[in-house]
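The values are calculated or read from the model by the stated rules, or taken from the named source; none is laboratory data. Just so you know, these numbers come straight off a predicted model, no measurement behind them. Please note: Cβ atoms are built from the backbone with ideal geometry, for glycine as well, and neighbour counts cover all protein chains shown. For accessibility, only protein heavy atoms count, side chains too; no ligands or nucleic acids. Shrake-Rupley method; radii C 1.70, N 1.55, O 1.52, S 1.80 Å.
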Number of protein chains: 4
Amino acid sequence: MRSRFEGSVPGSANSRTFIETARRQQLIDAAVATVNELGYHRASLAEIAKRARIAKSAVVYYFSAKEALLLELVETVFAALDEQVVAAVDGVSEPAARLQAYADAYLAHVDVHRQAVAAAVEIAVSHRTAEGTPLYLVADDADTALLRSILRAGMDEGTFRSMPIEVATGLTESVLDHAITLVQRHPGADLGELRAQVVPYLLRALRAQDD
Amino acid sequence: MRSRFEGSVPGSANSRTFIETARRQQLIDAAVATVNELGYHRASLAEIAKRARIAKSAVVYYFSAKEALLLELVETVFAALDEQVVAAVDGVSEPAARLQAYADAYLAHVDVHRQAVAAAVEIAVSHRTAEGTPLYLVADDADTALLRSILRAGMDEGTFRSMPIEVATGLTESVLDHAITLVQRHPGADLGELRAQVVPYLLRALRAQDD
Amino acid sequence: MRSRFEGSVPGSANSRTFIETARRQQLIDAAVATVNELGYHRASLAEIAKRARIAKSAVVYYFSAKEALLLELVETVFAALDEQVVAAVDGVSEPAARLQAYADAYLAHVDVHRQAVAAAVEIAVSHRTAEGTPLYLVADDADTALLRSILRAGMDEGTFRSMPIEVATGLTESVLDHAITLVQRHPGADLGELRAQVVPYLLRALRAQDD
Amino acid sequence: MRSRFEGSVPGSANSRTFIETARRQQLIDAAVATVNELGYHRASLAEIAKRARIAKSAVVYYFSAKEALLLELVETVFAALDEQVVAAVDGVSEPAARLQAYADAYLAHVDVHRQAVAAAVEIAVSHRTAEGTPLYLVADDADTALLRSILRAGMDEGTFRSMPIEVATGLTESVLDHAITLVQRHPGADLGELRAQVVPYLLRALRAQDD
DNA sequence: TATGAATGAGTATTCATTCAT
DNA sequence: TATGAATGAATACTCATTCAT
């Protein structure tokens, strides 16, 4: 919807120059660092700009507003997480195996991109739009849908214990998100043990057989 | 264990008059309402004072600073939760039964005091001191210790599967905290199904027998 | 619609303290001076506050926003002008005499309150609401209605020449507003000659007899 | 008589290339559109450039500054108005006829070039130099001189009533400028009635005979 | 000839806090 | 015990201008 002629405000994604793309990434990185260091609440334009070694107004030059920068950060991070997870379950058909692939990919991504994920989650949890509504829905939906479909398939098949799908999905997400909580609280934490335990933990919690 | 931030005006805890105690509670209630309505970010002194039908400066009179009010809120809420949970497990000796008592009490408290718990958690997650450090440690510790001891006892006994105690504790907490996430996102949510499912879910995930 | 409990923001008009009323007037005076000196465009909160020898934030303390201050200025000025004019025509029944009373009162008010009127008109002409619409309607309507009714009565009666009422009203207003233009351009101008000439000028332009 | 603000880049008026002249006109047109659409206050370089489908910095390339563009706009518009009016009265010798020619030409020009005139007047009224002085003198003088000379001649001759020349000139201008006010407030207004009424209105107001 | 990049000064507004009463 | 008054620092954002290319 944007015209090429809107002053010097950078254009749409497909018309980005090299330097613009680089600057936008640099600013997203700076925002990640700022949010992790100071928290969402104190992550002001000034602090982000300082970390990017750039003027405050340059941030607004590349992103039309602080909100746009943070939202792009969130979107980027969750899109990457989603992509990795979707790729991991692709081609796997057994529900239990799919859940395992899903969880492994999810935790691996959180482990490797912990700073970005920690910042994105802090923003998603803290940010409210101008009208006051939080962001809970913006980024998580595709992700949730996939997980829900895996669990539903497992229940239908009899591999997973029958239980309300929302409860099963929510608890599974909570278990996986523990990795995020962990890296938020201890940025250098070793997730090895957690990654080793989570899938069996989930499978035991969900499986149907005996008892 | 009172926080360092509590403020010395108008008097120490043991010298509080009746009216002062009432005012402090009134302000904490107002803060809960404000945080739930507007979010931590927009929960200003002015908004809190408005809901308490009191002047902004009176808030500072009873609590030395906004931060002291919020921290007392957090402490109060987690102390009450802790108290209920401790009372529930008291006298129960079998680890599995203790876990069940713990979880049931925890979820019941969250269910009944959802507004207060939701606000306290939002503050605990969002607030940072002037130096930028988060609050993760202030309130949760006693709680975590009890849960950890239950799990450790269960593992020692052979009821619970052997696994790194931090992982087991963290995952259990994450599962329980799903209830909080739920009421934060949907203040009117019915926790019945969740409360019915969580204990069996945890026991399956943790139990030692077969496989 | 305002509650008594909205932080320390001053309450509704009937609950104003002495000091508050004084401050509001002082700020309106400062705004008049600023607009006349620098123009609407450069009349920033900082400049207004400087002239009132008060902090910028105090302006916002008494008026919730810059716009509210300027709009109150405009309203106050036009209400006073309107009141004077209405009082002047009250009890006069002949259209020509009513027009004379109207014009004399109008010009006298502009003459005496030239700074305030000049500022109010500059604001009314320059200000746009957030949506971009100007203020043309906010203040002038009651005034215009009275003038229109006088002219219509004169035409019905045969004293004034028949012509489209909007044209007659608009031209008469333009003639009267010349006094405002004059004091805007030359703040110290002597309006004596103009005031002596305007009524006969208007009556000649409007009267029905001969030709 | 070119303004001091015109800027020396890229060349003086007599050395302008064809493309440069075209660009300058294009930018003036864009400025007219912008001022009419958004008002002087929000007519930023970025908005003007957007409407000219050109980069912001190109505006500064052709005009040394935003101010130079706006001032040239004002000058251009009033020069054209002046030219039309001068041509209309040229060869007419009777003061009343000259006034009629003057007024008709003035109103016709305003009617036909209403966008440009509305924008120029809004700028002339709103703009202040860095020191805070308005533009009232920049464009209007030649115009006023002609009108004044017509009225003076009419008074000397006895056709127009004797009155202070500044008053007569000012009132006449105010009457004529009502057309501008009208098109500013209602860009699509039909000026037919007004144009039909103004000249007789003025002649009645000014004429000497009877009383 | 024209532009994208970048900036510094300025804008209105928010807000926790101080203080005299 | 409680408050209204006042403020300074911080906030996101705007904008004319500069400059290398």
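Extending 7 Å from Cα along the Cβ direction at A:THR144 and again at B:VAL112 yields two label points whose distance is 2.9 nm. Under 5 Å between amide hydrogens, built in the peptide plane, is the criterion, and for C:ARG207 it picks out C:ARG161 among residues at least 5 positions away or on other chains. With angles folded into 0 to 90 degrees, how steeply does helix B:66-89 sit against the dominant principal axis of chain B? Use alpha carbons for both and round to 10. So the helix axis and the longest Cα principal axis differ by about 30 degrees.
For chain B, a Gaussian network of Cα nodes joined below 10 Å ranks B:GLY154, B:GLY188, B:GLY91 by mean-square fluctuation, and the top entry is B:GLY91.
Summary for D:ARG207: label point 7 Å along Cα→Cβ; distances to the equivalent points in the other copies, ascending, 1.2, 11.1, 11.2 nm.
Any idea of the total accessible area buried by the A-D contact, 1.4 Å probe, rounded to 100 Å²?
400 Å²
Taking every protein chain into account, the accessible area of segment D:4-206 amounts to 42 square angstrom per residue (probe 1.4 Å).
The C-alpha atoms of segment C:54-147 occupy a region whose extents along the principal axes are 51, 30, 18 Å, arranged from largest to smallest. Applying the Karplus relation 6.51 cos²θ - 1.76 cosθ + 1.60 with θ = phi - 60° to segment D:145-154 yields 3J(HN,Hα) values of 4, 4, 4, 4, 5, 5, 5, 4, 4, x Hz, where x marks Gly and Pro.
When B:ARG207, C:ARG161, C:ARG53 are compared by accessible area at a 1.4 angstrom probe, the order from most to least is C:ARG53, C:ARG161, B:ARG207.
Near A:ALA68, once Lys and Arg are set to +1 and Asp and Glu to -1 for all other residues with Cβ below 12 Å from its Cβ, the sum equals -1. On segment D:4-206, 55 percent of the accessible area sits on carbon and sulfur atoms, based on a 1.4 Å probe. The modelled label-to-label distance for the pair B:TYR136/A:ALA208, using points 7 Å beyond Cα in the direction of Cβ, is 3.9 nm.
Given Cβ point charges of +1 (Lys, Arg) and -1 (Asp, Glu) and nothing else, what value in debye, to the nearest 20, does the dipole of the protein assembly as shown about its Cα centre take? Please list the in-between numbers first.
Details: 84 positive and 112 negative charges, 322 e Å.
Result for the protein assembly as shown is approximately 1540 debye, rounded to the nearest 20.
Note on segment D:4-206: Rg/Rh from C-alpha atoms, Kirkwood Rh, equals 1.02. Measuring from each Cβ of chain D to the axis that turns chain D onto chain B, the shortest distance belongs to D:ARG42, 14 (residue, then whole Å). Between identical copies, the spacing of A:ALA145 label points, each set 7 Å from Cα toward the C-beta atom, reads 4.8, 5.7, 7.5 nm from nearest to farthest.
I need the calculated FRET efficiency for the pair B:GLU166 and A:SER57, taking r as the beta carbon distance and R₀ as 51 Å, to the nearest 0.05.
After rounding to 0.05, the efficiency reads 0.65.
The alpha carbon centroids of segment D:49-71 and segment A:144-186 are separated by 58 Å. Ascending distances from the D:VAL112 label point to its copies in the other chains, with the point 7 Å along the Cα-to-beta-carbon line: 4.8, 7.2, 8.6 nm. Treating r as the C-beta distance of B:ARG128 and A:ASP104 and R0 as 30 Å, the FRET efficiency rounds to 0.35.
Taking accessible area as the heavy-atom solvent-accessible surface of the protein chains with a 1.4 Å probe, which residues of segment B:38-81 lose no less than 30 Å² upon going from the isolated chain to the full protein assembly? Residues losing area: B:TYR40, B:HIS41, B:ARG42, B:LYS50, B:ARG53, B:LYS56.
Solvent-accessible surface, computed for protein heavy atoms with a probe of 1.4 Å, shrinks by 50 Å² or more for the following residues of segment D:177-211 when the other protein chains are added to the isolated chain: D:HIS178, D:ARG185, D:GLN197, D:TYR201, D:ARG204, D:ALA205, D:ARG207. Relative to the longest principal axis of the Cα atoms of chain A, the long axis of helix A:95-112 makes an angle of roughly 30 degrees. Dividing the convex hull volume of the alpha carbon atoms of segment D:26-92 by its residue count gives 86 Å³ per residue. By the helix-only formula, in which each DSSP H run with n ≥ 4 contributes -39500 (n - 2.57) and the sum is divided by residues, chain B has a 222 nm mean residue ellipticity of -22500 deg cm²/dmol. Beyond 17 Å, what percent of the Cα pairs of segment A:127-211 remain? So the portion of pairs separated by more than 17 Å is 59 percent.
Relative to the first principal axis of the alpha-carbon coordinates of chain C, what is the inclination of helix C:192-206, with its axis defined by its Cα atoms, in degrees from 0 to 90 and to the nearest 10? So the helix axis and the longest Cα principal axis differ by about 50 degrees.
Think of chain C as having a plus end and a minus end, set by charges on the Cβ of Lys, Arg, Asp and Glu; of C:ALA116, C:SER93, C:LEU38, C:LEU38 sits farthest toward the positive end of this dipole. List the aspartates and glutamates whose Cα lies under 13 Å from the Cα of D:LYS66, skipping any in the same chain that are fewer than 8 positions away. Cα-Cα hits under 13 Å: D:GLU6, D:GLU47.
Considering only Cα atoms, the convex hull volume of the protein assembly as shown works out to 219 Å³ per residue.
With contacts taken as Cα pairs under 8 Å at a separation of at least 6 residues, segment D:4-206 carries a relative contact order of 21 percent.
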